[in-house]
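Shown next, in structure tokens, is the structure this report addresses.
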Amino acid sequence: MQQTRQLLEMTFSARKRMGIFAMLIACFALWGLLNNMTDNLVPAFQKIFTMDQSRAGLIQVAFYGAYAVLAICASILVEEFSYRIGVLIGLAVYVAGALLYIPACTFASFDTYFIAIFVVAAGCSLLETTCNPYVLALGPAETAVRRLNFAQAFNPIGSLMGAYLARGLILAHLNPATATERAAMEPAQLQAIVNGELFWVCVPYVGLCALCLCIWVFFLKMNPFMSTFDEKKQGIARVVMAGLFALVPLTVLYFLFPNMDKVVWILLGMLGPIAYVVWVPDYRAMLGVLLKRPRYLGGVVAQFFYVGVQIAVWTWLNVYCQRELGVAADAAAGYYFVSIALFVTCRWIATGLMKYVQPALLLALFSLAAIVFSAGVMYAPSTVWFTAGGMAFAPNVLCLVAVSGCMSLMFPTIYGLALENLDPTAFRLAAAGLIMSILGGAIITPWMGKVLGAKESVFFALVKGADATWDVNLMTSDLGLRASFAIPALCFVVVLVYAVAFLRRPVERK
């Protein structure tokens, strides 16, 4: 009788974990979808609001800055309550942000969109800080990196869906009028066009609320006392205080200094959560453990540069293809779709290879290849070699697409390597640090945007033979675009150094 009961408990536990794992995979797909739809908002908003590259890049500052500011709050939420509560609150915050797109659309306000995007990303930050360690905790430690790579493989599937939705619902509904033509329009005519374009920006974000509700109900109904991952603690005061330390300084700075550089705004906002961690003794002790771990600290740095380069490359890919191939924004989105498809394929291949090759070695090889392809984006010609599916491919564009394949395994591999054999008492705060490093997307993306949107830059000396003719609609030149890809090459060098520094013994084959 006792054996039968134990068997039933094991079967129930296995099924329960599979159900949780499936819902977590849905969350991975969700924030992948949101990340990649947001990438396409940059060229969309640049056209809708007729703004330059630098201001359009603020979209990524809002999105990835929210990750940096709220990751510690998310880790404290999980530490004081549970992974399950973290998922529930993360989904709820996303829905609140998505609904803010409605007044942003109604008032045609870029500033309101900035806030809405920040709130949406805050929900993603809570989800990502919760779901990554949740997956690692759902099975044996020796397969944790492979398990996370498997779950993360569904993230780019969501990215594919995001690219498809952005192309079909957002970019396809942009009016073809150029910036010059829009400037010559009557105000009422221009406003009607802008309202129509912003409506289609709003549709996918609000529509995703239904998916979030389904996942939310699953975790709401899941009995918290039937899982070892949901041992409830009483820490409401700590969670509230962490939230106040994060949000009050941001809010005050936003309204007192509306013209403050938004990157500086994010960096100042990060000081609040960090101060809270230093203030609370047990969190301060966790921080002390992490500061003594070179593998972890190196992982945070590598993740900062990896996420920064991923977001920057995907953000400016559309502009690059428009300029180099002479295609429209919605057609250029096709190359983004191909890039994400290659990213997905290579992620699955890399996950399979990790059964035989140690993750750090794969990371080093993929990083080296990414550096080579970044050089190809800078120096390869834009003469069309062939067409496929109605899309023209030139050597430089092929290199640009190939960079995405090289990036495929980097995030989960760096994440897993950084947390490997870490003291369990500091695990959740460590996860927050790695999510905070997503700040790279908010810093490197606008940095790259400033280079490609500049008429003079120190990077221009690297590609002296490129065409400097200024494109008034894209607000860039061939020279600026090519020179800007020196920044991704430098970022991949950082990832390569981390991978080589922490190469370890060959993995055990089973």
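In segment 274-376, what trypsin sites (Lys or Arg not before Pro) fall in a loop by DSSP, with at most 14 other Cβ atoms inside 10 Å?
Answer by residue number: LYS292, LYS355.
Please say if segment 60-110 is rounded, prolate or oblate, where rounded means a/c under 1.5 for a ≥ b ≥ c the square roots of the C-alpha gyration tensor eigenvalues, and otherwise the choice is prolate for a/b larger than b/c and oblate otherwise?
In terms of gyration-tensor shape, oblate.
Take the Cβ-Cβ distance between GLU456 and ALA177 as r, set R0 to 30 Å, and report the resulting FRET efficiency rounded to the nearest 0.05.
The pair GLU456/ALA177 has a calculated efficiency of 0.50.
For segment 458-479 and segment 90-136, what is the separation of their Cα centres, given in Å?
35
What is the magnitude of the charge dipole of the chain about its Cα centre, with +1 placed on the Cβ of each Lys and Arg, -1 on the Cβ of each Asp and Glu, and no other charges, expressed in debye to the nearest 20?
Numbers: 32 positive and 24 negative charges, 310 e Å.
Charge dipole, the chain, about its Cα centre: 1480 debye, nearest 20.
Compute the angle between helix 154-165 and the longest alpha-carbon principal axis of the chain, please, reported from 0 to 90 degrees and rounded to the nearest 10.
Its long axis makes an angle of about 30 degrees.
Can you pull out the cysteines in the chain that have no other Cys Cβ under 4.7 Å?
CYS27, CYS73, CYS124, CYS131, CYS209, CYS212, CYS214, CYS321, CYS346, CYS399, CYS406, CYS491
Among THR387, SER408, ASN36, which residue has its Cα positioned farthest towards the positive end of the charge dipole of the chain, with +1 placed on the Cβ of Lys and Arg, -1 on the Cβ of Asp and Glu, and the dipole taken about the Cα centre?
SER408
Are there chymotrypsin sites (Phe, Trp or Tyr not before Pro) in segment 57-155 that DSSP puts in a loop and that have at most 10 other Cβ atoms within 10 Å, and which ones?
Loop-located and lightly packed - none at all.
For segment 342-392, what does the alpha-carbon gyration tensor say about shape, rounded, prolate or oblate, given a ≥ b ≥ c as the root eigenvalues, a/c under 1.5 as rounded, and a/b over b/c as prolate?
Working: a/c = 4.89, a/b = 1.72, b/c = 2.84.
Oblate.
Distance in nm between label sites at VAL357 and ARG284, each 7 Å beyond Cα in the beta-carbon direction?
According to this spin-label approximation, the distance is 4.6 nm.
If packing is taken as the average number of other Cβ atoms within 10 Å across a peptide's residues, how do 457-463, 381-387 rank, most packed first?
Numbers: 457-463: 15.7, 381-387: 11.6.
The most tightly packed comes first, giving 457-463, 381-387.
Just to be sure I understand, if you calculate volume of the Cα convex hull per residue in Å³ for this structure, which of (i) 193; (ii) 153; (iii) 396 do you get?
(ii)
Principal axis extents for segment 431-471, Cα atoms only, whole Å, descending order, please.
Here the Cα extents, ordered largest to smallest, are 45, 20, 12 Å.
Could you let me know the centre-to-centre spacing of segment 24-45 and segment 373-413, using Cα atoms, in angstrom?
Measuring centre to centre over Cα atoms gives 21 Å.
Would you mind ranking LEU368, LEU70 by Cβ crowding within 10 Å, fewest neighbours first? Please report the intermediate quantities before stating the final value.
Values: LEU368 17, LEU70 32.
Listing LEU368, LEU70 from fewest to most nearby Cβ atoms yields LEU368, LEU70.
As I understand it, the value is the acute angle between the Cα axis of helix 294-325 and the longest principal axis of the Cα atoms of the chain; what does it come to in degrees, rounded to 10?
Tilt relative to the chain: about 30 degrees.
Any chance you could give the angle, 0 to 90 degrees and rounded to 10, that helix 209-221 forms with the longest Cα principal axis of the chain?
On a 0 to 90 degree scale, this one is about 10.
What stretch of the chain, leaving out the sites themselves, is the longest with no GluC sites (Glu not before Pro) in a DSSP loop having at most 11 other Cβ atoms within 10 Å? Don't skip to the end; give the middle numbers.
Numbers: sites that count: GLU231, GLU456, GLU508.
Answer from the scan: 1-230.
Restricting to Cα pairs below 8 Å that are 6+ residues apart, what does the relative contact order work out to for the chain? Please round to a whole percent.
Across the chain, relative contact order equals 23 percent.
So for the pair GLN191, ALA237, with labels modelled 7 Å out along Cα→Cβ, what separation do we get in nm?
The two pseudo-label positions are separated by 5.3 nm.
Give the order of THR112, THR445 when sorted by the count of other beta carbons within 10 angstrom, beginning with the fewest. Walk me through the numbers before you get to the answer.
Working: THR112 17, THR445 31.
The order, fewest Cβ neighbours first, is THR112, THR445.
Show me the ranking of peptides 308-318, 394-404 by mean Cβ neighbours inside 10 Å, starting with the highest. Don't skip to the answer; put the middle values down first.
Numbers: 308-318: 27.2, 394-404: 22.0.
Highest-to-lowest ranking by the protection proxy: 308-318, 394-404.
What does the C-alpha gyration tensor say about the overall shape of segment 279-319? Classify as rounded when a/c is under 1.5, otherwise prolate if a/b is larger than b/c, or oblate.
Cα axes put segment 279-319 in the oblate bin.
Laboratory data are not the source of any read-out in this text; all were calculated from the coordinates shown. For clarity, every value in this text was computed on a predicted model and none was experimentally measured. Cβ coordinates were reconstructed from backbone atoms using ideal geometry, including for glycine residues, and neighbour counts include every protein chain displayed.
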